[in-house]
Amino acid sequence: MKSTKIIFLLFLACGNFFAFSQEIRDTAECDNLQKKDTATYRQLIKESKGVNYDKLALKIISDLDKNELTKPNLVVRIKDYYQKKFPDFNMLPCPGCCFESLAENPVYNDYLFWTQKNIKRIVEKFRINVIPKNATYGYFFYDKASEFDNSKLKKIFKKTKHQKLGIYTDNSPNKKQFYYFPFNGKEDLILVKQYPEINFNSLQLYFRNEVGNKVWVEYRYDVDNTYKESVEKLYRYNGNDWEDITPKDPDDN
């Protein structure tokens, strides 16, 4: 009986030792990941100096697929960027390695692309009404831009409120109002999400900054259709212009 107890204690001690060793390795690996993220962030910021991102916006707009924009209205979903003032104390413990990534799209992202200037470019190029929507919280721009006062979307929200007013209707009894950028100056635009009368397309762009003055852009059309494949493009700044260097799909050969 005593030998069995000793074996159990030895087994427990070994288990604690290996768990402690794994925790040390995980902590060291997490520290390395955070240092790498910080170094990447600094490199991205350094490279971005003097880069013409307005030309990137023109390139992205030029690469929008007009065959995906067949309706007279386009709902664009914009990711919300904000800084929480206080942590969520009631959250579950964070598993694994957790830290705020600085290198996640610091030089080009949603709120830098979706400006009044670029939205109006899309309006004129494709002759459509553009309706901005908060992609994070799922609502149109009407009462507010975000749940947070320091949201980066407040700027485009203010610009949108100076445009026209519309109404959104679906199968629910409640109608939602929104502000939008009009092509023809029409007031009280009605968006219908009831098949077959649906009168709008949807679009969300996802960005990823990479070292070497590169920006990945994922074009996702018909956003609610989970079966629809998105289109990805890789752009690189070279000689005061942006070039498409997207790797070719082997299946295309």
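The values are calculated or read from the model by the stated rules, or taken from the named source; none is laboratory data. Predicted model, so just to flag it, every value in this text is computed and none were measured. Glycine gets a Cβ as well: all are built from the backbone with ideal geometry, and neighbour counts include every protein chain shown. These accessible areas exclude ligands, DNA and RNA; they are computed on the full protein's heavy atoms, side chains included. Shrake-Rupley method; radii C 1.70, N 1.55, O 1.52, S 1.80 Å.
Given (1) at pLDDT below 90; (2) surrounded by 15 or more Cβ atoms within 10 Å (Cβ to Cβ), where does Tyr219 come up short, assuming only one miss?
Going through the list (1) at pLDDT below 90; (2) surrounded by 15 or more Cβ atoms within 10 Å (Cβ to Cβ), Tyr219 breaks only (1).
Can you tell me which residue in the range 191-211 is most open to solvent (accessible area, probe 1.4 Å), limited to those that are part of a loop (DSSP other than H, G, I, E, B) and modelled with pLDDT under 95?
Kept after step one, since they are part of a loop (DSSP other than H, G, I, E, B), are these residues of the range 191-211: 193-199, 211.
Going one step further and asking which of them are modelled with pLDDT under 95, we end up with 193-199.
Details: Lys193: 82, Gln194: 66, Tyr195: 198, Pro196: 91, Glu197: 108, Ile198: 57, Asn199: 34 Å².
Only one residue tops the list, namely Tyr195.
What about Tyr41, is it over 30 Å from Ile167 (Cα atoms), open to solvent by less than 70 Å² (accessible area, probe 1.4 Å) and at pLDDT 90 or above? It would help to see each step written out before you state the result.
Details: over 30 Å from Ile167 (Cα atoms): yes; open to solvent by less than 70 Å² (accessible area, probe 1.4 Å): no; at pLDDT 90 or above: yes.
No.
Name the residue, out of Lys117, Lys79, Lys71, Lys85, that is surrounded by fewer than 14 Cβ atoms within 10 Å (Cβ to Cβ) and at pLDDT 85 or above. Steps first, answer last, please.
Numbers: Lys79 fails: surrounded by fewer than 14 Cβ atoms within 10 Å (Cβ to Cβ); Lys71 fails: surrounded by fewer than 14 Cβ atoms within 10 Å (Cβ to Cβ); Lys85 fails: at pLDDT 85 or above.
Criteria check complete, one pass: Lys117.
Is it true that Thr246 is open to solvent by 90 Å² or more (accessible area, probe 1.4 Å) and either β-branched (Val, Ile, Thr) or closer than 27 Å to Arg42 by Cβ (or both)? First the steps, then the outcome.
Working: open to solvent by 90 Å² or more (accessible area, probe 1.4 Å): no; either β-branched (Val, Ile, Thr) or closer than 27 Å to Arg42 by Cβ (or both): yes.
Criteria not met by Thr246.
From the list Lys228, Lys233, Lys214, pick out the single residue that is open to solvent by less than 50 Å² (accessible area, probe 1.4 Å) and either within 20 Å of the chain's Cα centre (by Cα) or within 20 Å of Ile156 (Cβ to Cβ) (or both).
Working: Lys228 fails: open to solvent by less than 50 Å² (accessible area, probe 1.4 Å); Lys214 fails: open to solvent by less than 50 Å² (accessible area, probe 1.4 Å).
So the residue among Lys228, Lys233, Lys214 that is open to solvent by less than 50 Å² (accessible area, probe 1.4 Å) and either within 20 Å of the chain's Cα centre (by Cα) or within 20 Å of Ile156 (Cβ to Cβ) (or both) is Lys233.
Within the range 164-171, is there a residue that is modelled with pLDDT under 95, of a type in the set (Lys, Arg) and in a loop (DSSP other than H, G, I, E, B)?
Within the range 164-171, the subset modelled with pLDDT under 95 is 164-171.
With of a type in the set (Lys, Arg) added as a condition, the list becomes 164.
Next cut, in a loop (DSSP other than H, G, I, E, B) only: none.
Scanning the range 164-171, I find no residue that is modelled with pLDDT under 95, of a type in the set (Lys, Arg) and in a loop (DSSP other than H, G, I, E, B), so the answer is no.
Go through the residues of the range 222-244 one by one and say whether even a single one is under 22 Å from Asp110 (Cα atoms), part of a strand (DSSP E or B) and without any contact (Cβ under 8 Å) to a residue 12 or more places away in the chain.
Checked the range 222-244: at least one residue is under 22 Å from Asp110 (Cα atoms), part of a strand (DSSP E or B) and without any contact (Cβ under 8 Å) to a residue 12 or more places away in the chain.
One line per residue, one yes/no per condition, for (1) open to solvent by 90 Å² or more (accessible area, probe 1.4 Å); (2) under 26 Å from Ile61 (Cβ atoms); (3) not polar (S, T, N, Q):
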{"site": "Thr136", "(1), (2), (3)": "no, yes, no"}
{"site": "Tyr139", "(1), (2), (3)": "no, yes, yes"}
{"site": "Lys152", "(1), (2), (3)": "yes, yes, yes"}
{"site": "Thr160", "(1), (2), (3)": "no, yes, no"}
{"site": "Ile167", "(1), (2), (3)": "no, no, yes"}
{"site": "Pro173", "(1), (2), (3)": "yes, no, yes"}
{"site": "Lys176", "(1), (2), (3)": "yes, no, yes"}
{"site": "Phe181", "(1), (2), (3)": "no, yes, yes"}
{"site": "Leu189", "(1), (2), (3)": "no, yes, yes"}
